[in-house]
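This report concerns only the one structure given below.
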Amino acid sequence: MPIESDPIARRCRRYAAVAVLVFLQACSSTQPRIAHHAAVAPIAPLGSAPPTRAALVEIAKNEWRFFGEQQIDMRQPVLSAPRLGLLEDEGEAVQRIALYWRAVGKDLSGADCGQAWSAAFISYLMVAANVPAEQFEPSDVHFTYLGYLQQRAQRPQPAFALRPAASEPIAPGDLLCAPRGDNTASTLADIRPGLPGHCDLVVDVHPQEGWAAVIGGNVFNSVSESLIPVDARAIAIPIAVRPWFAVAKNLLP
């Protein structure tokens, strides 16, 4: 979606966006800005404690709260937005997203609407939770860090293990991933650095009720909580906008 500076136009964009949730993409200006080449100060972990699943989930929830708790319900064929939050190019969101970009060494912000920041968001969560780069190598491309996790799993004591989404129950702290665009990856063997995709962090799972909640960045122009269908075993059910194919199982305590 193009960016409008006029408040009325922006409000209209919010209402119109509800009808086109199937795109689930960030705003895209016709002339995206290119990342600066100046050195970018790295971000620091939010604490010195060893990384845990619970800490990673809580950091994700805090970011979601900061953006106004936007919620996307993907449990029905027609998606809906029970709550709309702060858009990426509005107010404090602009510099908050700059933090995410710093996690991958780029000088961008929420004003750079042509730049997809969902992988930068996941990378920020990992850095903020004190997950060492040796365990999770930050990247602004989901399939690039998935490729690293795949290789890292071949060495002792990995923090994440890639498993097929079709057979792996999800739990809070896991990453749930899907291909996007012209990427047709359907198995772990299809992972290649640079391919387009999307991953969310699982934060709540209710298999007996048939749903789970995942938090991701750059979802409908914000940090959003998506409600997704799962079966009684807590296995994510693929849907058109999210053909889940991989779970990065969190092995942290």
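All of the numbers you see were taken from the coordinates with simple rules; none came from a lab. The model shown is predicted, which means the values in this text are computed figures rather than measured ones. Here the Cβ positions follow ideal geometry from the backbone for every residue, glycine too, while neighbour counts run over all protein chains shown.
Which of the trypsin sites (Lys or Arg not before Pro) found in region 177-253 are in a DSSP loop and have at most 16 neighbouring Cβ atoms, other than their own, within 10 Å?
On the way: sites: Arg180, Arg233, Lys249; in loops: Arg180, Arg233.
Hits after loop and neighbour filter: Arg233.
Rounded to the nearest Å, what's the spacing between the alpha carbon centres of region 125-142 and region 71-107? Just the number, please.
If we compute the Cα centre of each part, the gap is 19 Å.
What is the extension gain from Arg233 to Asp190, computed as 0.36 nm multiplied by their sequence separation minus the C-alpha to C-alpha distance, in nm to one decimal?
Numbers: separation 43, 0.36 × 43 = 15.48 nm, distance 2.51 nm.
Full extension of this stretch gives 13.0 nm more.
How do Arg83, Arg155 rank when sorted from fewest to most other Cβ atoms within 10 Å of their own Cβ?
Arranged by neighbour count, lowest to highest, Arg83, Arg155 become Arg155, Arg83.
Once you place label points 7 Å from the Cα toward the Cβ at Leu46 and Ala240, how far apart are they in nm?
That separation, rounded to one decimal, is 3.6 nm.
In nanometres, what is the gap between the two model label sites at Leu252 and Arg83, each 7 Å from Cα along Cα-to-Cβ?
2.3
Kirkwood Rh, Cα Rg: Rg to Rh for region 200-253? Provide the component values of the computation, followed by the final result.
Numbers: Rg = 11.4 Å, Rh = 11.8 Å.
When Rh is taken as the Kirkwood radius, the ratio is 0.96.
Between beta-carbons, use under 15 Å as the cut-off and find the net charge around Gln95, counting Lys and Arg +1, Asp and Glu -1. Provide the component values of the computation, followed by the final result.
Numbers: positive: Arg96, Arg102, Lys106; negative: Glu63, Glu88, Asp89, Glu90, Glu92, Asp107, Asp112.
Summing Lys and Arg as +1 and Asp and Glu as -1 gives -4.
Going by C-beta contacts inside 10 Å, put Glu209, Glu225 in order with the fewest on the left. Present the calculation step by step, with values, prior to reporting the outcome.
Numbers: Glu209 9, Glu225 26.
Fewest-to-most ranking of Glu209, Glu225: Glu209, Glu225.
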